[in-house]
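The values are calculated or read from the model by the stated rules, or taken from the named source; none is laboratory data. Note that the structure is a prediction, hence the values are computed from the model and not measured. Please note: Cβ atoms are built from the backbone with ideal geometry, for glycine as well, and neighbour counts cover all protein chains shown. Ligands, DNA and RNA are excluded from the accessible area calculation, which covers all protein heavy atoms including side chains. Shrake-Rupley method; radii C 1.70, N 1.55, O 1.52, S 1.80 Å.
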Amino acid sequence: MLNGKLLIDAHCHVGEGVHYRLMPDELLRQMDDLGIDRTLLVPADRYIAVDNAEGNDFLLRTVKRWPDRFGGFATVNPWYGERAVAELRRAVGLGLVGVKLHPVIQGFLLCDPLVHPVIEAAIELDVPVYLHTGTPVNALPLQLAELAQRYPEGRFIMGHMGNPDFWLDVPTALSQAPNLWAEISPCLPGMVNRIVEAGFAHRLIFGSDAPLTDLALEVMKVQYWQVSEEQRAAIMAGNLLRILAKGG
Amino acid sequence: MIVDCHTHAPGGRSFGLSSVPVSDLLAAMDSAGIDKAMVYTSDGFFFDFVACNNELYAFVQQCPERLIAGPTVDPRYPEAAIAEMRRCRLELGMKGPLKLHPWLQGFSPIEPLMDPIAEAALELGMPIMMHDGTPPYSTPLQVATLAARFPSLTVILGHSGLRDLWQEALAAAKRYPNIILCLCGTLPLGIERIVAEVEPHRLLFGTDAGFGAAPGNQEYRLGQIQRLAVSEEVKALILGGNAQRIFGLS
């Protein structure tokens with residue numbers, strides 16, 4: 001709990017990556033220090049790119065060991081086609097609660113029909129889809145809004161809210177697709193204020209993107225958002241819990 | 001001394017921004033513990049650059065002991081641009097770098113139009129800071145071509161690659177010794193790597209305050225340097241010592 005409010009980190013990478021490393025026991029220590037109740041884990045870089053099942057298995061082991069503190073989003077590379085769909089079914093069947101896709105690391109245009117089988121499987125499994133955004137040319141908020149409009153029955157999360165350069169697109173994307181939420185790492189507090197002022201406090205989700213960021217500084221920003229306490233609680237946890245709920 | 005080398009305060013007629021009063025910027029700096037700030041325009045990238053530099057000058061003159069101006073020009077008008085660089089440096093005494101924003105201003109650092117601007121900057125002892133980290137006209141290696149063409153010119157990457165291109169900024173800094181990296185909006189993982197691999201005297205710190213002067217913005221980016229696992233000496237260089245040396249601040 002942070003200042004009496006539930007705090008859930010919607011996006012944190014664990015495992016031994018190529019570019020970074022964060023192990024669950026170390027993360028738990030940091031969560032305890034910082035008042036983070038729960039964290040949704042995603043695999044580290046190379047598992048997102050190629051070794052999907054290996055990464056998903058690491059998440060599954062971690063979630064099973066600390067079920068009160070961790071949940072996990074599986075990753076599958078859409079280029080694997082039917083094998084990606086099968087891996088997503090396996091990982092969700094064993095306990096992961098969403099799917100994370102990264103158009104840059106996995107190498108596809110965010111709204112390429114290549115990704116449709118994975119989206120359709122996520123909808124069938126009733127889990128949300130998190131997509132990295134903000135990196136031109138193939139991971140942009142409006143591309144995600146296009147995908148989300150094509151699948152109105154899906155639940156989509158705009159990773160990093162278009163950071164750093166696509167903040168102007170965010171309110172438009174959120175307006176186009178009511179089934180789209182935005183995860184705010186590593187955006188400045190002023191950027192969160194701006195999207196709240198545009199009327200989207202109920203669509204924002206706290207996430208850290210650690211260890212690519214400093215977890216303590218991501219948490220520090222929570223106190224600076226110029227929002228009502230009700231909105232703060234919603235961004236810290238409430239909005240995410242609604243998306244994770246089956247049939248949400 | 002802590003010097004924020006990247007702020008945009010006056011103006012704000014674009015992108016739904018609004019003008020930040022001097023009092024607000026100073027209050028934000030006080031709250032974050034920042035002593036001095038290099039201030040740049042944002043309107044000047046789109047509108048009359050002479051008028052915007054005048055506005056910038058009037059802004060910093062409200063607190064000249066803490067605010068240092070860095071002017072802008074449109075390099076597509078070389079005669080007017082060079083005359084304005086001379087006026088800002090020699091008549092108005094602006095100690096900041098020439099701040100250019102290739103993708104907002106609509107030019108590429110690779111274009112020959114930058115040559116007379118760079119020559120004038122060299123003559124005036126004026127570093128050039130460019131926005132970087134954003135395609136198609138502001139990638140670190142595009143900005144680095146200017147450093148390659150003018151090895152005596154100090155070329156500052158204003159964002160050290162931003163979120164996605166910090167590895168490119170690191171490569172540029174390693175290849176061209178006249179490149180300085182301003183850590184401002186760089187992916188925190190990238191900040192760690194850059195600080196580990198680039199000589200400490202080539203690093204600056206900035207917040208981009210003004211492109212959103214909300215409470216917490218400067219604290220967040222200042223914290224990214226203060227919490228690095230490096231010596232206090234290195235932090236002091238990044239946070240202020242290098243800026244004092246490069247821009248001749250007292």
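Structural remarks
- Max mean-square fluctuation residue, GNM over chain A, Cα-Cα springs under 10 Å, options A:Val196, A:Val14, A:Val127: A:Val196
- Counting, for every residue in A:215-222, the Cβ atoms of other protein chains within 10 Å of its Cβ and taking the mean gives 3.
- Taking chain A and dividing mean pair separation by its residue count, relative contact order in percent (alpha carbons under 8 Å, at least six apart): 17
- Calculated FRET efficiency for the pair B:Ala83/A:Ala216, C-beta based, R₀ 30 Å, to 0.05: 0.05
- Sequence ranges A:156-164, B:135-143, ranked by mean other-Cβ count within 10 angstrom, highest first: A:156-164, B:135-143
- Rough spin-label spacing in nm, given labels placed 7 Å along Cα→Cβ, for B:Asp35 and A:Ile123: 6.0
- Aspartates and glutamates with Cα under 12 Å of B:Lys174, excluding same-chain neighbours fewer than 8 positions away: B:Glu197, B:Glu199
- Qualifying trypsin sites (Lys or Arg not before Pro) in the stretch A:206-248, where qualification requires a DSSP coil assignment and no more than 12 other C-beta atoms within 10 Å, comprise A:Lys246.
- Here the Gaussian network model covers chain A, with springs between Cα atoms less than 10 Å apart; of A:Leu188, A:Leu101, A:Leu215, A:Leu188 fluctuates the most.
- Ignoring lysines fewer than eight residues from B:Lys95 along the same chain, the ones with Cα atoms less than 21 angstrom from its Cα are B:Lys36.
- The accessible-area ordering, largest first, of the residues A:Trp79, A:Trp181 stands as A:Trp79, A:Trp181, per a 1.4 angstrom probe.
- Shape category assigned to the stretch A:8-244 from the gyration tensor of Cα positions, a/c cut at 1.5: oblate
- Summing charges over all other residues whose Cβ lies under 15 Å from the Cβ of B:Gly240, with Lys and Arg as +1 and Asp and Glu as -1, gives +2.
- Simple point charges give the picture: +1 on the Cβ of Lys and Arg, -1 on the Cβ of Asp and Glu, and for the stretch B:193-250 a dipole about the Cα centre of about 40 debye.
- Rolling a 1.4 Å probe over the protein heavy atoms leaves A:His13 with an accessible area of roughly 10 Å².
- Span from the the stretch A:197-248 Cα centroid across to the the stretch A:15-81 one, whole angstrom: 19
- Relative contact order of the stretch B:84-152, taken over Cα pairs closer than 8 Å and 6 or more residues apart, is 38 percent.
- Around the amide H of B:Ile180, modelled in the peptide plane, lie the amide H atoms of B:Val155, B:Ile156, B:Leu157, all under 5 Å away and 5 or more residues distant in sequence or on another chain.
- Global form of the stretch B:68-207, assessed from the alpha-carbon gyration tensor, a/c cut-off 1.5: prolate
- Calculated [θ] (222 nm, deg cm²/dmol) that DSSP helices of n ≥ 4 give over chain A, each run adding -39,500 (n - 2.57): -11000 deg cm²/dmol
- Between the alpha-carbon centres of the stretch A:104-160 and the stretch B:1-71 there is a gap of 39 Å.
- Net +/- balance of residues flanking B:Gly185 in space, Cβ distance below 12 Å, scoring K and R +1, D and E -1: -2
- For the options B:Gly11, B:Gly240, B:Gly216, a Gaussian network treatment of chain B with springs between C-alpha atoms closer than 10 Å singles out B:Gly216 as fluctuating the most.
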